[in-house]
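A short write-up of the structure that comes next.
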Amino acid sequence: MQRLKSADLYRRAENHIPGGVHSNTRARAPHPIYFERAEGAYLYDVDSNRYLDFVLGNGAIILGHGHPKVQSAVRAVLTAGITTGSETRLGVEAAELLLQQVPTAEMVRFANSGTEAVMHALELARSATGRTRVAKVEGAYHGWDSQMYVSAWPDLQQAGPPDAPQPVLTHSGADAETSRRTLVLPFNDIAATRRLIEEHKDELAAVIIEPVMMDIGFIEATPGYIAELRALTARHGIVLVFDELLTGFRVAPGGAQEYYDVTPDLSTFGKAIANGYQVAAVAGRREIMEQARPGGPCAWVGTFNGHAVSMAAMVATLREFESGEVWRQLQERTSYLEQQFSLRAAERSIEAVLRGRGGNFHWYFTGRPVQDYRTAAQSSADLYGTFAATAIEHGLWLAPGTLSHHSLTIAHEQEHLDAFVACL
Ligand SMILES: Cc1ncc(COP(=O)(O)O)c(C=O)c1O
């Protein structure tokens, strides 16, 4: 594939934009690829190369690029001329639709990104409990705020013992003092998690968890682990937050809380809720959400919150979810992919496993069970690199990192899934 125009844009960009990208995960060797159009399951770059997209805006596209109903809802708002800074009917409808589909939540508020939604959830938790520290799982990503961007993809040389993980700073721009105060929990290790939470119970405002670790692929919590977290946090008055940025509307129509049948105090949503338009949400218990009411103890403001374009996209997207058909189709496609991948791996005697649900998936090159960050980190980076290089040469768009995540949309047909499996 020729990528001359991308190379040229990169030469221009690197003078003005660090690394030529506005988000570091978009960097690619030898240079980023610049896109100009997308439709259904495909992305088109500036050199007119077509890619079958499995990155899908880091999981933000669920109905396919440029879904006609979402685009038409957005066009209607553009015609009306309203953008931001005021409340709209669409903002009310979007809230109602989200709460119908996540029935465990009583109230919701919108922000603009997952990072922001997580920060708001933790602020609400601090406000409701009067405590300051938070706990997160080793290897989980909850956005780039200093309190959360710690022990995300940590270097295992610095990470301490498996049953007492140490906070590993992710970058030098973080407020190190804040990052070091984050308590790091080992995923799926019930005894160690119980001990760590109990040791710090009087300081913890919140425990936040991605109940299926999708940011490092697809690792399910054992039902016992999630149930124990719920029981422990309830017993000690700690706010339990489910980060459902990726699991929401994917692992089950009502998210991980439906899948595990466990009600968190708060949850964060984003990505798929507006099919690629920019919005995220915090939803949860009324008494905690009410902390943010005007004049209440916890501030929550933002120029672009409830942006009319995003609200229109969200209403149109959530309406598509209502019948359950979108989820059913995504789940059917994911199961097919899982089966075909496993057959191909066996045929070729490659130790590899693909896991997924409801349209999010990832694969690991290892023969050992993957149950947390440390076991996922054993997946072969070389084999992943070879797979990704084959895929890009066949016009498939994948995430570059071994521990990342991939998605499907309802625009992905069986032949698309077969093309993916053929890269193994
Ligand atoms: C589980 C999870 N939480 C939070 C975030 C942060 O979201 P955003 O990139 O919208 O700030 C992400 C994004 O990748 C995520 O996957």
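Couple of notes before you dig in:
- Relative to the globular-protein estimate of 2.2 N^0.38 Å, the Cα radius of gyration of the chain stands at 0.96.
- Each residue of the range 304-309 is assigned a 3J(HN,Hα), and the resulting list reads 9, 4, x, 3, 4, 5 Hz, derived from the Karplus form 6.51 cos²θ - 1.76 cosθ + 1.60 (θ = phi - 60°), x at Gly and Pro.
- Unit charges at the beta carbon, dipole of the chain: most positive-side option, Ser172, Gln147, Met107: Ser172
- Table column - 3J(HN,Hα) (Hz), the range 245-250, Karplus curve with 6.51, -1.76, 1.60, x for Gly and Pro: 3, 9, 6, x, 6, 10
- In summary, the convex hull built on the alpha carbon positions of the range 68-321 has an orientation-averaged projected area of 13.3 nm².
- Sequence ranges 139-148, 166-175, 356-365, 336-345, ranked by mean other-Cβ count within 10 angstrom, highest first: 356-365, 139-148, 336-345, 166-175
- Assuming charge only on the beta carbon of Lys and Arg (+1) and of Asp and Glu (-1), the dipole of the chain about its Cα centre is about 440 debye to the nearest 20.
- Descending semi-axes in Å of the range 216-271, equivalent ellipsoid built from Cα gyration tensor: 19, 13, 10
- Highest mean packing comes first when the peptides 121-127, 72-78 are listed by Cβ atoms within 10 Å, giving 121-127, 72-78.
- Carbon and sulfur %, accessible surface of the chain computed with the full protein complex present, 1.4 Å: 49
- Helix-only CD estimate at 222 nm, as mean residue ellipticity for the chain, using -39500 (n - 2.57) per DSSP H run (n ≥ 4): -11000 deg cm²/dmol
- Close amide-amide hydrogen proximity is noted between Phe54 and Trp397, each under 5 Å apart and 5 or more residues distant or on a separate chain (H modeled in the peptide plane; Pro and chain starts excluded).
- Expressed as a fraction of 2.2 N^0.38 Å, the C-alpha radius of gyration for the range 150-287 is 1.07.
- Alpha-carbon centroids, the range 208-239 and the range 17-41: separation in whole Å: 33
- Here the range 385-424 and the range 45-104 have alpha carbon centers that stand 24 Å from each other.
- Evaluated at q = 0.15, 0.27, 0.29, 0.33 Å⁻¹: base-10 log I(q)/I(0), Debye formula over Cα of the range 11-56: -0.42, -1.06, -1.12, -1.20
The values are calculated or read from the model by the stated rules, or taken from the named source; none is laboratory data. Only a predicted model underlies this, so the values are computations on that prediction, with no experimental measurement involved. Glycine gets a Cβ as well: all are built from the backbone with ideal geometry, and neighbour counts include every protein chain shown. The area values use the complete protein model at the heavy-atom level, side chains included, leaving out ligands, DNA and RNA. Shrake-Rupley method; radii C 1.70, N 1.55, O 1.52, S 1.80 Å.
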